[in-house]
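The values are calculated or read from the model by the stated rules, or taken from the named source; none is laboratory data. For clarity, every value in this text was computed on a predicted model and none was experimentally measured. Backbone-built Cβ (ideal geometry, glycine too); neighbour counts: all protein chains shown.
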Amino acid sequence: MPLRLEGKVALITGAGRGIGLAIASRFQQEGATVLLNDLNVDGVSVQAQALDARYYACDVGDSAAVDSMFAAIRADVGRLDILVNNAGINGSEGEDVSARHEKSMRQMEQIQNGQPITEHNDTTIELSDDKWRRMMRVHLDGTFYCSRAALKLMRKGAAPGVILNLGSIMGTAGGAGASHYCAAKAGILGFTRALAREVATRNIRVNAIAPGWIETDMTSNLGPLAPVLAAQTPMLRFGDVDDIAHAAVYLASDEAKFVTGQVLSPNGGWHMSQ
Ligand SMILES: NC(=O)c1ccc[n+]([C@@H]2O[C@H](COP(=O)([O-])OP(=O)(O)OC[C@H]3O[C@@H](n4cnc5c(N)ncnc54)[C@H](O)[C@@H]3O)[C@@H](O)[C@H]2O)c1
């Protein structure tokens, strides 16, 4: 059987670890030439070496840096068939979030016990301009800058193109305490649908993957909330990175040649309508 991504060139952003790295590994196993991007040069260089792949360290939220990355890809490889806009943050990197999580647990206890609610979530009131902007910058600006640059490269090629954007169940369901993340992910879904319509006549498909709770560094600081979130998932657990990587392989492959503007949500049943 032929490999599903044989002969394709794919750039995966945020591929230094987690879901992005799993997508890069699966794409490579399916015959793609993978190009890895990440802000974290140390992480991505080690992973690129392990995969014997090229890497391009840059911040996807920096327009000029993204254009330089694509200029380098054009010079090094000359074409691009698949872009995966995966780079992301949860917005609380480096922070001690234990007090916030304990507060959420106390609120849940009050709700379950029918007690008066004295614990409230004030995350949005306390959210600074900088934190809001950083969230939009990485997810929305990053997805836009990379897609715009990728489209210019894809248009030059005769082969069909694919753009995959990482949304989240939070983009449609919402999540208390994460209004900036949810807004960014919802924006990515809108961008996906609009771009899918715009570039369909150029034989470029644009889809989104909206993962449920997946075990990665991003979700490693959930503390006491982790078992609650697993219990809210009909499959009673977090997913693993390969659950997302397999979905990405399908959407990137010609098996999905009639699929565009869609959201595929591997989420263990947490959200049954995307
Ligand atoms: N883990 C989950 O449960 C989950 C659920 C839904 C959606 N997602 C989304 O999936 C994607 C990957 O998440 P993950 O769990 O693997 O996260 P992760 O934190 O493990 O990995 C994210 C990677 O992106 C890189 N990155 C961050 N900012 C960047 C920037 N500005 N430019 C380039 N690279 C940057 C990081 O260095 C890191 O290597 C994200 O978009 C995330 O929002 C994750």
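Quickly run through the stretch 154-183 and pick out the residues that are out of contact with any Lys or Arg (no Cβ under 6 Å at 6 or more places or on another chain), within 14 Å of the ligand (Cβ to nearest atom), of a type outside the set (Ser, Thr, Tyr) and in a helix (DSSP H, G or I).
ALA173, HIS180, CYS182, ALA183, listed by residue number.
Just give me the residues in the stretch 32-47 being surrounded by fewer than 23 Cβ atoms within 10 Å (Cβ to Cβ) and in a helix (DSSP H, G or I), in sequence order.
Within the stretch 32-47, VAL41, ASP42, GLY43, SER45, VAL46, GLN47 meet the criteria.
What pairs can you find where one residue is in the stretch 147-169 and over 15 Å from GLN262 (Cβ atoms), the other is among the basic types (Lys, Arg), and their Cβ atoms are less than 6 Å apart, with a gap of 6+ or different chains?
Close Cβ pairs (under 6 Å, with a partner that is among the basic types (Lys, Arg)) amount to GLY157/ARG79; SER168/LYS185.
Conditions (1) exposed (fewer than 15 other Cβ atoms within 10 Å of the Cβ); (2) more than 14 Å from the ligand (Cβ to nearest atom), marked per residue:
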| residue | (1), (2) |
| --- | --- |
| SER92 | no, no |
| HIS101 | no, yes |
| ILE117 | yes, yes |
| THR143 | no, no |
| LYS152 | yes, yes |
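Which number in (1) closer than 25 Å to PRO2 by Cα; (2) surrounded by 15 or more Cβ atoms within 10 Å (Cβ to Cβ) marks the one condition that ALA210 misses?
Of the numbered conditions (1) closer than 25 Å to PRO2 by Cα; (2) surrounded by 15 or more Cβ atoms within 10 Å (Cβ to Cβ), the odd one out for ALA210 is (1).
Among the numbered criteria (1) surrounded by fewer than 21 Cβ atoms within 10 Å (Cβ to Cβ); (2) touching a Pro at 6+ places or on another chain (Cβ under 8 Å), which one does GLN29 miss?
Here GLN29 meets the rest and fails (2).
Just to be sure I understand, how many residues within the stretch 1-32 are over 17 Å from ILE163 (Cβ atoms) and of a type outside the set (Gly, Ala, Ser)?
Count: 11.
Any residue at all in the stretch 199-209 that's within 13 Å of the ligand (Cβ to nearest atom) and under 25 Å from ALA15 (Cβ atoms)?
There is at least one residue in the stretch 199-209 that is within 13 Å of the ligand (Cβ to nearest atom) and under 25 Å from ALA15 (Cβ atoms).
For GLY61, which of the numbered conditions (1) crowded, with 16+ Cβ neighbours inside 10 Å; (2) free of Cβ contacts under 8 Å to residues at least 40 places away in the same chain fails to hold?
(2)
Checking the conditions here, which among ALA24, ALA71 is over 18 Å from the mean Cα position of the chain (by Cα), modelled with pLDDT of 95 or more, part of a helix (DSSP H, G or I) and more than 9 Å from the ligand (Cβ to nearest atom)?
Exactly one residue qualifies, and that residue is ALA71.
Which ones in the stretch 254-267 are within 11 Å of the ligand (Cβ to nearest atom) and either assigned to a strand (DSSP E or B) or not hydroxyl-bearing (Ser, Thr, Tyr) (or both)?
PRO266, ASN267
Based on this model, can you work out whether LEU3 counts as among the aliphatic types (A, V, I, L, M) and either in contact with a Leu (Cβ under 8 Å, 6 or more places away or on another chain) or within 10 Å of the ligand (Cβ to nearest atom) (or both)?
no
State all residues of the stretch 196-253 that are under 17 Å from the mean Cα position of the chain (by Cα) and in a loop (DSSP other than H, G, I, E, B); if no residue qualifies, say none.
Of everything in the stretch 196-253, those that are under 17 Å from the mean Cα position of the chain (by Cα) and in a loop (DSSP other than H, G, I, E, B) turn out to be ALA210, PRO211, GLY212, TRP213, GLU215, THR216, SER220, PHE238, ASP240.
Residue-wise test of (1) within 16 Å of the chain's Cα centre (by Cα); (2) under 24 Å from ARG205 (Cβ atoms).
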residue: LEU5; (1), (2): no, yes
residue: ASP59; (1), (2): yes, no
residue: ASP62; (1), (2): no, no
residue: VAL66; (1), (2): no, yes
residue: ASP81; (1), (2): no, yes
residue: GLY88; (1), (2): yes, yes
